[in-house]
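The values are calculated or read from the model by the stated rules, or taken from the named source; none is laboratory data. From a predicted model like this one, the values you see are computed outputs, not experimental measurements. Cβ coordinates were reconstructed from backbone atoms using ideal geometry, including for glycine residues, and neighbour counts include every protein chain displayed. The accessibility values were calculated without ligands, DNA or RNA, using every heavy atom of the protein model including side chains. Shrake-Rupley method; radii C 1.70, N 1.55, O 1.52, S 1.80 Å.
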Amino acid sequence: MTNRLNDVAVIGLGVMGANLARNFASRGLKVAAYNRTTETAVKLAAAHPEAKLDVVTTLKEMVDRLERPRRIILMVNAGKPVDAVLEDLDPMLQEGDLVVDAGNSLYTDTDRRTARAKGRPWKFVGMGVSGGAEGALLGPAIMPGGDVESWKRLQPVLEAIAARSDSGVCVTYCGAGSAGHFVKMVHNGIEYGDMQLIAETASLLRDGLGLTPPVVADTFSEWNRGDLASFLIEITADIFRVKEPSGGLLVDAILDKAGQKGTGKWTVVAASELGVPIPTIATAVDARLLSSAKDTRVRAEGLHKPARAKLEGVSVNDLADALYASKIASYTQGFAMLQAASDAFGYGTNLSEVARIFTAGCIIRASFLQRVMAAFKAKSDLLALTPDFVADLSKRLPAWRRVVAGAARAGLAAPGLAVSLSWYDTLTTARGTAAVIQAQRDYFGSHTYERIDGPGVAVHTEWK
């Protein structure tokens, strides 16, 4: 150890925290490494001597060895562990110190912790980090919130470790308060939608069109050179090439029960509270929940014996178009939610900047995001209503309909693709079904309604 104080501290040295600490060190920063179990920190430092991590055994030791004002990054499990660390740190911190929760915390917990820090000399920052273990090590997309002064203090070290794309360094100030964690939550919600849509499309390629795994892999690789180019498309191509020692396809040996850590559910709940429809994302969450009911699904298939058939009148290109159109639907919903939250909570989130930092490092990184970025730079209010994406959707609509209709006729489940199309049809129907609903509500509950020729005036009818 030298006399130089540490530039930053990382608390929590699991996979993400360990890689984040190594990332900081690789950029020339001096890093204090603390873990509740000291042995974990010692092993990390021994395994990566090039990082020259300063292993500390107590929080007091960590605080004493940090340059002031201090920058402390928490990478501990969301929930009570974050509160426990804050409680321990509180009496040790001084004027201007920053404590940054970089885990997947619920944004309302971030609001509560921010309020807790008010009146204290130190400040609390909620920050989203995306990119998985590899991103944490080599360069993630980073989404800090909080006050602007805290962002300015963090900016040099965060820009040093963030991913980079043609659009710049993939970190930006996401807005006041809990904006950073809210943006990360919606990122994960969009990720749920993307993954579900890709999984459905892969299933339709195999079960609907009868393509072999190598051909499915090649198809995704081809798509990754066009409009669909993205990290998730790239890794799906890889997945369909990996075999077991016995020669079978590895993915076919995986139990079809999808796990989740809660961010998708949080997104759906928050959208409902904000009054923003996100059916593609909600359906992806529902699909994971239904996947968990494996025994029920096996029993249901045995009882109902549904007829299955091949996709008729649908091509590989049709599936690419349906997937891309559904992707536009999902991103439109997610970014509409970000705008609603920014308006409701006073975040001041710049949607073009959010799209920009998603172009590298994060799980939903995709070439498509360059166009999303441009759309919001041009002050789009809803992504699907920008001229560029209107043209995209119109071009792909016939194929989208063929895929959804063909899957329904064949008895092949494609809930994400289908609900995305239903969302599009509802969005583009000037006069929909709600008049009947309003009449029903007024009939049984005297809830009133508005007339076309007198908007803004509550009317009640005695329907009998």
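If you take the residues of the stretch 38-57 that are touching a Lys or Arg at 6+ places or on another chain (Cβ under 9 Å) and outside any loop (DSSP other than H, G, I, E, B), which of them is surrounded by the most Cβ atoms within 10 Å (Cβ to Cβ)? Step through it out loud before you land on a result.
Within the stretch 38-57, the first condition is being touching a Lys or Arg at 6+ places or on another chain (Cβ under 9 Å), and the residues that meet it are 44-45, 48, 50-54, 56.
Still in the running and outside any loop (DSSP other than H, G, I, E, B): 44-45, 50-51, 54.
Values: Leu44: 20, Ala45: 19, Glu50: 8, Ala51: 18, Asp54: 23.
Top of the filtered list is Asp54.
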The lone exception for Gly264 - which of (1) of a type outside the set (D, E, K, R); (2) open to solvent by 10 Å² or more (accessible area, probe 1.4 Å); (3) at pLDDT below 95; (4) under 30 Å from Trp151 (Cα atoms) it fails: (2)
Complete set of residues in the stretch 430-450 that are charged (D, E, K, R) and more than 27 Å from Leu385 (Cβ to Cβ): Arg441, Asp442
Of residues in the stretch 399-426 being open to solvent by 70 Å² or more (accessible area, probe 1.4 Å) and part of a helix (DSSP H, G or I), the one farthest from Thr280 (Cα to Cα): Arg409
Subset of the stretch 158-210 [among the charged types (D, E, K, R) and under 20 Å from the mean Cα position of the chain (by Cα)]: Arg164, Lys184, Glu191, Asp194, Glu200
Test: Thr212 is surrounded by fewer than 24 Cβ atoms within 10 Å (Cβ to Cβ), out of contact with any helix residue (DSSP H, G or I) (no Cβ under 7 Å at 6 or more places or on another chain) and within 30 Å of Lys243 (Cβ to Cβ): yes
Enumeration of residues in the stretch 267-296 that are closer than 22 Å to Ala384 by Cα, open to solvent by 30 Å² or more (accessible area, probe 1.4 Å) and assigned to a helix (DSSP H, G or I): Val268, Ser272, Leu274, Pro279
Qualifying residues in the stretch 3-23 (those that are more than 20 Å from Asn77 (Cα to Cα) and open to solvent by 10 Å² or more (accessible area, probe 1.4 Å)) - the one nearest to the chain's Cα centre (by Cα): Asp7
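In the stretch 419-449, how many are of a type in the set (Asp, Glu) and without any contact (Cβ under 8 Å) to a residue 12 or more places away in the chain? Before you say what the answer is, go through the steps one by one.
Quick first cut of the stretch 419-449, residues of a type in the set (Asp, Glu) only: 425, 442.
Checking which are without any contact (Cβ under 8 Å) to a residue 12 or more places away in the chain leaves us with 425.
Number of matching residues: 1.
Of the residues in the stretch 37-46, how many are touching a residue at least 12 places away in the same chain (Cβ under 8 Å) and either out of contact with any Leu (no Cβ under 7 Å at 6 or more places or on another chain) or farther than 21 Å from Val82 by Cα (or both)?
Filtering the stretch 37-46 for residues touching a residue at least 12 places away in the same chain (Cβ under 8 Å) gives 38, 40-42, 44-45.
With the extra rule that they be either out of contact with any Leu (no Cβ under 7 Å at 6 or more places or on another chain) or farther than 21 Å from Val82 by Cα (or both), the set shrinks to 38, 42, 44-45.
Here the count works out to 4.
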Unique match (being in contact (Cβ under 8 Å) with a residue 24 or more places away in the chain, more than 15 Å from Ala414 (Cα to Cα) and loosely packed, with under 14 Cβ neighbours inside 10 Å) among Gly302, Gly346: Gly346
Positions within the stretch 75-94 being farther than 17 Å from Asp64 by Cα and of a type in the set (S, T, N, Q), in sequence order: Asn77
Test result for Thr201, of a type in the set (Ser, Thr, Tyr), open to solvent by 60 Å² or more (accessible area, probe 1.4 Å) and either in contact with a helix residue (DSSP H, G or I) (Cβ under 9 Å, 6 or more places away or on another chain) or free of Cβ contacts under 8 Å to residues at least 24 places away in the same chain (or both): no
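For residues that are among the aliphatic types (A, V, I, L, M), open to solvent by 10 Å² or more (accessible area, probe 1.4 Å) and in contact (Cβ under 8 Å) with a residue 60 or more places away in the chain, tally how many sit in the stretch 367-393. Before the answer, list the steps.
Within the stretch 367-393, the subset among the aliphatic types (A, V, I, L, M) is 369, 372-375, 378, 382-385, 390-391, 393.
If we keep only those that are open to solvent by 10 Å² or more (accessible area, probe 1.4 Å) too, we end up with 373-375, 378, 382, 385, 390-391.
Now drop any that are not in contact (Cβ under 8 Å) with a residue 60 or more places away in the chain, which leaves 373.
Summing the residues that are among the aliphatic types (A, V, I, L, M), open to solvent by 10 Å² or more (accessible area, probe 1.4 Å) and in contact (Cβ under 8 Å) with a residue 60 or more places away in the chain in the stretch 367-393 gives 1.
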Tabulated pairs, the stretch 4-29, first in a helix (DSSP H, G or I), second of a type in the set (S, T, N, Q), C-beta under 8 angstrom, 6+ apart or interchain: Gly17/Asn35
The one condition in (1) out of contact with any helix residue (DSSP H, G or I) (no Cβ under 8 Å at 6 or more places or on another chain); (2) over 29 Å from Gly262 (Cα atoms); (3) surrounded by fewer than 17 Cβ atoms within 10 Å (Cβ to Cβ) that Asp90 fails to fulfil: (2)
Hits in the stretch 169-220 (condition: part of a loop (DSSP other than H, G, I, E, B) and either closer than 20 Å to Gln333 by Cα or among the small types (Gly, Ala, Ser) (or both)): Cys174, Gly175, Ala176, Gly177, Ser178, Gly210
